[in-house]
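Chemist: To start, I am sharing the structure in question, which I have written as structure tokens.
The values are calculated or read from the model by the stated rules, or taken from the named source; none is laboratory data. Since this is a predicted model, take the numbers as computed values, not measurements. Neighbour counts are summed over all protein chains in view; Cβ atoms, including those assigned to glycine, are modelled from backbone coordinates with ideal geometry. Ligands, DNA and RNA are stripped out before the accessible areas are found, and what is left, the full protein with its side chains, is counted by its heavy atoms. Shrake-Rupley method; radii C 1.70, N 1.55, O 1.52, S 1.80 Å.
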Amino acid sequence: FKYTPSYKIKLHTSIEEMTSDWQRIDDTDFLPISLSLGIAFRPNSKTTIGLDTVFVRWSDAIRITKDNDKIISPYLSDTVELHLGMEFFLTDKIPLRIGLYTLEDYVRYKDYIYGILDDENQDQTFLTIGTGYQFKHFGFDIAFSDSHLLSTGDKKESKFSYALFWKF
């Protein structure tokens, strides 16, 4: 028995505007730009290993409050996120996914107006596990993420996510 792995490496980059918790009001407003760079490695037909990093330029963002007031804040820091994961197909339709990712705290101050320094470390490192099932034209994914084990910061949380998707 001789094993010969097939090596396929993919590179990707993207520049996009972050939209969670932010919105556009007019053409003069701008949101943080993110730049990502990643690589995927496929040692065999059932396994994919991916690594990417995301740079988010929070320092150029304009914050929109619930009352639609704009806050131009010099108190936001640029962040770099790291994502590492592996997907292994147990069968042709059932993947098992494990990974980790980091989230850096982008808020330097608790109070934008008075400049009160944020002394809490909100950086987090999440450990993730997930699976799913793929039918012919659609499927579902479920995942669990937790930052209690690996985070050194003050903030720790657990997240459960799910997705339904349709293949065209």
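Chemist: If I go through region 24-61 residue by residue, how many of them are charged (D, E, K, R) and modelled with pLDDT under 75?
Modeler: 5
Chemist: Continuing with the same structure: Identify the residue in region 145-163 that is polar (S, T, N, Q) and surrounded by 13 or more Cβ atoms within 10 Å (Cβ to Cβ) and, among all such residues, is modelled with the lowest pLDDT.
Modeler: Selected residue: S151.
Chemist: Go through (1) farther than 25 Å from P43 by Cα; (2) at pLDDT 90 or above; (3) of a type in the set (K, R) and name the single condition R97 misses.
Modeler: Every condition holds for R97 apart from (1).
Chemist: I'm trying to understand the selection: among the residues of region 121-144, which are out of contact with any strand residue (DSSP E or B) (no Cβ under 6 Å at 6 or more places or on another chain) and closer than 12 Å to I94 by Cα?
Modeler: Hits for region 121-144 are Q134, F135.
Chemist: Within region 100-144, which residues are open to solvent by 60 Å² or more (accessible area, probe 1.4 Å) and either at pLDDT 85 or above or under 23 Å from K167 (Cβ atoms) (or both)?
Modeler: Scanning region 100-144 gives E104, L127, I129, Y133, F135, K136, H137, F138, F140, I142, F144.
Chemist: Out of (1) modelled with pLDDT of 90 or more; (2) open to solvent by 90 Å² or more (accessible area, probe 1.4 Å), the odd one out for W166 is which?
Modeler: Unmet condition: (1).
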